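K.L.:
Let me give you the structure first, and then I'll get to my questions.
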Protein chains: 6
Amino acid sequence: MRNDGREYNQIRPVTITVDYIKHAEGSVLIEVGDTKVICTATIEEKVPPFMRGQGRGWVTAEYSMLPRATESRNVRESSRGKVSGRTQEIQRLIGRALRSVVNLEALGERTIWLDCDVIQADGGTRTASITGAYVAMVSAMGKLIEKQLISRLPVTDFLAAVSVGIVEEKAHLDLCYKEDSQAKVDMNIVMTGQGKYVEIQGTGEEAPFSPEELQELLAYGKKGASDLITVQKEVLGPLGLSIGSTDGETIQNA
Amino acid sequence: MRNDGREYNQIRPVTITVDYIKHAEGSVLIEVGDTKVICTATIEEKVPPFMRGQGRGWVTAEYSMLPRATESRNVRESSRGKVSGRTQEIQRLIGRALRSVVNLEALGERTIWLDCDVIQADGGTRTASITGAYVAMVSAMGKLIEKQLISRLPVTDFLAAVSVGIVEEKAHLDLCYKEDSQAKVDMNIVMTGQGKYVEIQGTGEEAPFSPEELQELLAYGKKGASDLITVQKEVLGPLGLSIGSTDGETIQNA
Amino acid sequence: MRNDGREYNQIRPVTITVDYIKHAEGSVLIEVGDTKVICTATIEEKVPPFMRGQGRGWVTAEYSMLPRATESRNVRESSRGKVSGRTQEIQRLIGRALRSVVNLEALGERTIWLDCDVIQADGGTRTASITGAYVAMVSAMGKLIEKQLISRLPVTDFLAAVSVGIVEEKAHLDLCYKEDSQAKVDMNIVMTGQGKYVEIQGTGEEAPFSPEELQELLAYGKKGASDLITVQKEVLGPLGLSIGSTDGETIQNA
Amino acid sequence: MRNDGREYNQIRPVTITVDYIKHAEGSVLIEVGDTKVICTATIEEKVPPFMRGQGRGWVTAEYSMLPRATESRNVRESSRGKVSGRTQEIQRLIGRALRSVVNLEALGERTIWLDCDVIQADGGTRTASITGAYVAMVSAMGKLIEKQLISRLPVTDFLAAVSVGIVEEKAHLDLCYKEDSQAKVDMNIVMTGQGKYVEIQGTGEEAPFSPEELQELLAYGKKGASDLITVQKEVLGPLGLSIGSTDGETIQNA
Amino acid sequence: MRNDGREYNQIRPVTITVDYIKHAEGSVLIEVGDTKVICTATIEEKVPPFMRGQGRGWVTAEYSMLPRATESRNVRESSRGKVSGRTQEIQRLIGRALRSVVNLEALGERTIWLDCDVIQADGGTRTASITGAYVAMVSAMGKLIEKQLISRLPVTDFLAAVSVGIVEEKAHLDLCYKEDSQAKVDMNIVMTGQGKYVEIQGTGEEAPFSPEELQELLAYGKKGASDLITVQKEVLGPLGLSIGSTDGETIQNA
Amino acid sequence: MRNDGREYNQIRPVTITVDYIKHAEGSVLIEVGDTKVICTATIEEKVPPFMRGQGRGWVTAEYSMLPRATESRNVRESSRGKVSGRTQEIQRLIGRALRSVVNLEALGERTIWLDCDVIQADGGTRTASITGAYVAMVSAMGKLIEKQLISRLPVTDFLAAVSVGIVEEKAHLDLCYKEDSQAKVDMNIVMTGQGKYVEIQGTGEEAPFSPEELQELLAYGKKGASDLITVQKEVLGPLGLSIGSTDGETIQNA
């Protein structure tokens, strides 16, 4: 058993509070254990220059941490004058992940900005950001439907992300910070409601991992993503948001 | 009467939640109407290079807004690659204000970093930051006492800040965003528990103001600061934090 | 009596040399004691993007010091790669102050750039910059009249700035560097010819100040601003520049 | 069959020219089809500040492209004034990958800088960089042995990287640029000589991929890495470089 | 005699390999002794904003070194976040030199970007860059003729650059790195096929030089430039590229 | 005859005002026609890190223009966030030139910073900077002698700089801005009191120049430098500053 009493293949308690910030078109506070992220979705009625006139939309993400989200204070990237490689890598990951389930044509020539700001960190901030940003994004799309700018949600599936890793020779699901800092292998998995992979990023810097270990991590990741999507459905259902599909079928009527 | 039913010399409802962020030595969520700021205080056991070896501590502040704290999304300063003039001006103001009531010799050679991150903005974010940062700072100093690193709070007085302004020819206390954007004269006042001034920053860019108007604004500011300090006392009292004074007398036993 | 023999409420000798730089539309060398600032006014026949098409002009300022304007050499901001918070704060102050007495509609869609470059510093560089920039700006506006681009000066009043402070428990007007570095309270006041306030920025970082002290500082500031405006009138008078007013009355015929 | 006549599970022709740059301790020109990368290894007799005094070495990488390595000219990152997120992501990947097979204690307190400069790009530049940098690094370590600074190669295994992807519903090994730009799924795999995973980075931004597709991609990747390691052995063998192992056994005597 | 057996007025062996990089419109690898530079020429069908609508083209250059082109590794300018003064000086020199023999009107409204990337340095990198860039540029212009966008080469003359210097009181032509680092006087000379000067940059920081020494250096430079132009003719001749002249005469039919 | 009545080989009127800025160890205002530059020399009692412990001093320069030194306003480099290539080229030139006549060993481990700030520009700002900085530097060295930190001036010769150029097919000495903008060939020459060359920078971007033209420009430059040094002697003489020489002989007793 783990420090906090969880099973190895169990995620931490998850809470998603919708409409957390009054100005944003969509916003949530997602809490995964002690990790807390404010995700806002902003709709901008234009697309970046390189996409203009193609009739397609764009989804992009930014990620940051408050200086004291972490155990010791980290210097603001605005003070350093540049965004770190780690932050850029995470931002690109979040944006790519979210775009994978958005029908950009159906969204129309507008941009959705997803801002993920970690106010308290305890491991898994990038995966919590993806899971929370998905809900904020769908919620913002709901506003577009309310305003009759689009007629249905331009998303093709649910989407959630979770971390897995090998700590003391054992696979673990949803690592807290302490586990993460001891992990020999660390992997983030982003999956859809249909159980397809959107992103797999695994690294064994401390120790290369075998094909068998890989398979176990993939199995844990599948369970974790599925559990998170269950929470997303519970949150989005009452909002009356129906997730459509590209092939014309409705995946879920909330 | 004002839009939200307040009197002209009445502040908005204020809530200060202490220990809001688990990692920080001191932290609060301060809510002044719809303005919400997370203030954390970090104790660092060293001082900046220019102060080393003098046996004195330092207090400094950083301020930021989440991109969607405001009605339309504002670009992150980390993405722009530099901290704006406005932000720097506010940071310098917060740091200066807090230092004015800290006995830096009694603090010892350590730095207190105050991070004020606005998660939702509706006017008065810099004054809410000062008022909240004061509580976070005292709370963090309490940790130093617990660890027996210092024997009493190295602060000389309470400290709060409030905005006043002239809107449609009338003085107003604690302006919300809408009032602020219509104000011809805008002033921020930082005062101590003893009713002394720490900062006065008034600007009449739209319309120079008369000596009589100045006196009325000063009177409103005095009332607002006093009301905010009452809230600070209610929050700090139960924590058993006693605010001392430089002249050896105790200003208040909480 | 003060070191240089001045009364506490006396400003230093002031000289304003007009047309100091041949290329600029308006320019002065202002000397306030040993503080020397070159102020130039540049007229640009367009406004910043955010103001286009509104039929209004803009006034903005930049401030800098030569590296050896000060007792020890300070590193150039161009070498540092960024403008310091202090510089930005001063630039914003100068711009705001000057705009407060300009009728931007009457100026028309053009920008006036005020560049204040301190070539020798001895306290009060930002206030000397405002006082000098005012004259440079009016002088440049005179060129617009000569070219028949506007028919009268689009300014509503005179404008001057002065510092006041408390040194060794005594209020002082127009502090030189040595006095300034010993001041417990430091305040900059910008006033119009009609005795109205444009900016008040007072800070008691070293020691909060009482309402009584505030009143005394305000009185000194009023006298200082008035004395400086007398010098401005002496300089602008011979140039035949008439300062108009927004209410249709002429404030002064030079 | 593919455009260039290859089988779907076949890598492009690979050439590794050792000692390509005369000044570097280790250097190669690696050519994978039309992709050409100069990899140099520099030995620096110190480690970064955060690692000092621990008796361990460090391996880090930098990656860049000449402006005209690509079909259209891309702006230099030095001209832009910052390193792009993509470049940083690749640099971090290369460094992490190489460190996974280096015994940092055995390396001693020195840093190996790996510079990967793409002079001509045709897909797979980051994987070619890893495969080439490995040879440059081992070659530089050979210099340390020659100078008797270390007694054996501080590497635990071979290391190579290859891309796999799904193009027109078919898995492909080692994608050239044209294939890469049409791929729905794109994955980079870094493996050791013993067939363990060091990194897996797969993304299905265009289309999430099924568990079955994942397994096929993994199988292709395994073959590709193995083929590249065969080339590495042919190159390093004649140099008399023996790859050791952490468990005391020699993996290969070249 | 010199270290490498050369006469004092003899250049090092020179090789120019044309079409070295497949994507570029023009490209060479120029080797001058151990100095190796990749020069590419990119044709862009537009000119910088300040030149639009004038019917004239533009030629501009960028220069860089791989980190390990030199004996000890030098930090990338992209990592430093800015282009050094030395690099900018060289880039401006290369651009200016090339433009001096281009008929910008005949080129038409297009820009030629010359990228000179030093992959191995042994003195004279800037002069090798100019000599090589000239060939890459003419080669790219050949592509414009092939596409019938222009009818003849818009160049007025050949162009080559060489260094001269005074080492141990003796004039030297084409200094290698070791000679260069001992030189008291260092001069770069850019000349045309007709023997006219385009640039002379001589510096005697270590020791001012006499008029007589200047004359000897100029004579050496003339010989070096002439020898390099002979190599250029041998390379460009087989490509069938005819260098025209502004006055209607053909300078050389290759 | 030229526009301003000068002969082709005549410099403009030159005035050098010593001790222009009170805080600097050495300072001048140099006026060459309408070009006006403030040059200050700052003595710092340390050398840059790369020179420590060698018992030698250092001389370095910075150059800047006030925004309105020129006919149209130019943007500050501090606002742009970087120093332009042109500025860096000039700074390097000034530093190199001054160092060529300083005995760095005799100076001792201290740095002389030369700041050249152009307050009004009319051509020849870099050459005026060198000529003026020389006087500021010697004047600051005089302070070191007064303080008995050194016993004699650590300079080996006088130093002045002047521009020459070809305008409308005629050689011109000391070009004003208007002449400079029409020049086909532009050359800056830095010479010592003994008539040796320190720097020659000539460029014929608009039109390559013949060996005969070069000789004529060199002759003009010699005359100009000599005339400027006559002015320097008149200024330094009364200060009692004696220019020594490295070979033990006194070049001039002022």
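K.L.:
Report, by residue number, each residue of region C:68-109 that is of a type in the set (Gly, Ala, Ser), surrounded by 21 or more Cβ atoms within 10 Å (Cβ to Cβ) and over 30 Å from C:Lys196 (Cα atoms).
P.N.:
C:Ala69, C:Ser78
K.L.:
Here's a follow-up. Filter region D:2-19 down to the residues that are within 14 Å of chain E (Cβ to nearest Cβ) and β-branched (Val, Ile, Thr) and list them by number.
P.N.:
Hit for region D:2-19 is D:Thr17, nothing else.
K.L.:
Further question: Taking the stated definitions as given, is B:Leu159 under 21 Å from B:Val101 (Cα atoms), surrounded by 19 or more Cβ atoms within 10 Å (Cβ to Cβ) and at pLDDT below 95?
P.N.:
In short, no.
K.L.:
Quick check on my filter: what residues within region B:181-220 are aromatic (Phe, Trp, Tyr) and within 17 Å of C:Glu213 (Cα to Cα)?
P.N.:
Answer for region B:181-220, where residues must be aromatic (Phe, Trp, Tyr) and within 17 Å of C:Glu213 (Cα to Cα): just B:Tyr197.
K.L.:
Here's a follow-up. Mind listing whichever residues of region C:172-182 are more than 14 Å from every other protein chain (Cβ to nearest Cβ) and touching a strand residue (DSSP E or B) at 6+ places or on another chain (Cβ under 9 Å)?
P.N.:
The answer is C:His172, C:Leu173, C:Asp174, C:Leu175, C:Glu179, C:Asp180, C:Gln182.
K.L.:
Still on this structure: Any idea which residue in region F:72-115 is nearest to C:Ser27 (Cα to Cα), counting only those that are touching a Cys at 6+ places or on another chain (Cβ under 9 Å) and touching a residue at least 60 places away in the same chain (Cβ under 8 Å)?
P.N.:
F:Asp115
K.L.:
From E:Asn9, E:Asn3, which residue is modelled with pLDDT of 95 or more and among the polar types (S, T, N, Q)?
P.N.:
After applying the criteria, what remains is E:Asn9.
K.L.:
If you scan region D:55-87, which residues turn out to be more than 20 Å from E:Asp117 (Cα to Cα) and modelled with pLDDT of 95 or more?
P.N.:
Hits for region D:55-87 are D:Arg56, D:Gly57, D:Trp58, D:Val59, D:Thr60.
K.L.:
It is to be established whether one or more residues within region B:195-205 are more than 13 Å from every other protein chain (Cβ to nearest Cβ) and either surrounded by fewer than 21 Cβ atoms within 10 Å (Cβ to Cβ) or not small (Gly, Ala, Ser) (or both).
P.N.:
no
Here's the yes/no breakdown for (1) of a type in the set (Lys, Arg); (2) over 17 Å from the mean Cα position of the chain (by Cα); (3) surrounded by fewer than 23 Cβ atoms within 10 Å (Cβ to Cβ); (4) more than 28 Å from A:Lys196 (Cβ to Cβ):
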residue	(1), (2), (3), (4)
D:Ala140	no, no, yes, yes
D:Lys147	yes, yes, yes, yes
D:Val155	no, no, no, yes
D:Glu168	no, yes, yes, no
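K.L.:
Touching a strand residue (DSSP E or B) at 6+ places or on another chain (Cβ under 7 Å), within 14 Å of chain E (Cβ to nearest Cβ) and part of a strand (DSSP E or B): which single residue out of D:Lys22, D:Lys36 fits that description?
P.N.:
D:Lys36
K.L.:
Quick check: anything in region D:90-98 more than 8 Å from every other protein chain (Cβ to nearest Cβ) and of a type in the set (S, T, N, Q)?
P.N.:
no
K.L.:
Wholly within region A:117-227, which strands (runs of 3 or more DSSP E) include no fewer than the required count, namely at least 1 residues that are of a type in the set (Asp, Glu)?
P.N.:
Correct list: A:185-192, A:197-203.
K.L.:
So which of B:Ile30, B:Ile16, B:Ile21, B:Ile43 ends up being touching a Ser or Thr at 6+ places or on another chain (Cβ under 6 Å) and closer than 25 Å to A:Thr70 by Cα?
P.N.:
Step by step, each of B:Ile30, B:Ile16, B:Ile21, B:Ile43 is checked, and only B:Ile21 is touching a Ser or Thr at 6+ places or on another chain (Cβ under 6 Å) and closer than 25 Å to A:Thr70 by Cα.
K.L.:
Kindly evaluate E:Val118 against the criterion of being over 26 Å from E:Thr156 (Cα atoms), at pLDDT 95 or above and more than 7 Å from every other protein chain (Cβ to nearest Cβ).
P.N.:
Spelling it out, E:Val118 is indeed over 26 Å from E:Thr156 (Cα atoms), at pLDDT 95 or above and more than 7 Å from every other protein chain (Cβ to nearest Cβ).
K.L.:
Still on this structure, I have one more. Which members of region D:34-64 meet the condition of being small (Gly, Ala, Ser) and surrounded by fewer than 20 Cβ atoms within 10 Å (Cβ to Cβ)?
P.N.:
Once the filter is applied, which keeps residues that are small (Gly, Ala, Ser) and surrounded by fewer than 20 Cβ atoms within 10 Å (Cβ to Cβ), region D:34-64 yields D:Gly53, D:Gly55.
K.L.:
Please enumerate the residues belonging to region D:43-73 that are within 14 Å of chain A (Cβ to nearest Cβ), of a type outside the set (Gly, Ala, Ser) and either closer than 17 Å to A:Ser84 by Cα or more than 15 Å from the chain's Cα centre (by Cα) (or both).
P.N.:
If the condition is that a residue be within 14 Å of chain A (Cβ to nearest Cβ), of a type outside the set (Gly, Ala, Ser) and either closer than 17 Å to A:Ser84 by Cα or more than 15 Å from the chain's Cα centre (by Cα) (or both), then D:Phe50, D:Arg56, D:Trp58, D:Thr60, D:Glu62, D:Tyr63 are the ones that fit.
K.L.:
Then there's this: Taking into account only those residues within region E:183-194 that are over 20 Å from the mean Cα position of the chain (by Cα) and more than 9 Å from chain F (Cβ to nearest Cβ), which is surrounded by the most Cβ atoms within 10 Å (Cβ to Cβ)?
P.N.:
E:Ala183
K.L.:
Given the structure, is D:Val18 crowded, with 20+ Cβ neighbours inside 10 Å, within 22 Å of the chain's Cα centre (by Cα) and either free of Cβ contacts under 8 Å to residues at least 60 places away in the same chain or under 15 Å from D:Thr131 (Cβ atoms) (or both)?
P.N.:
no
K.L.:
Same structure, new question: Considering only region D:47-75, how many residues are under 26 Å from E:Ile43 (Cβ atoms) and part of a loop (DSSP other than H, G, I, E, B)?
P.N.:
Going through region D:47-75 one residue at a time, the tally reaches 7.
K.L.:
Give the residue, chosen from F:Gly108, F:Gly124, that is farther than 28 Å from C:Gln120 by Cα and away from chain E (no Cβ under 12 Å).
P.N.:
One residue alone meets the criteria, F:Gly108.
K.L.:
In region C:206-242, what count of residues is obtained for those that are surrounded by fewer than 16 Cβ atoms within 10 Å (Cβ to Cβ) and touching a helix residue (DSSP H, G or I) at 6+ places or on another chain (Cβ under 7 Å)?
P.N.:
The total comes to 1.
K.L.:
Would you confirm whether or not region A:130-137 contains a residue that is surrounded by 24 or more Cβ atoms within 10 Å (Cβ to Cβ) and within 14 Å of chain D (Cβ to nearest Cβ)?
P.N.:
Yes, region A:130-137 has at least one match.
K.L.:
Consider A:Ser78 carefully, then state whether it is assigned to a helix (DSSP H, G or I) and more than 10 Å from chain D (Cβ to nearest Cβ).
P.N.:
yes
The values are calculated or read from the model by the stated rules, or taken from the named source; none is laboratory data. What you see is a predicted model, and the numbers here were worked out from it, not measured in a lab. Note that each Cβ is placed from the backbone with ideal geometry, even for glycine, and that neighbours are counted across all protein chains shown.
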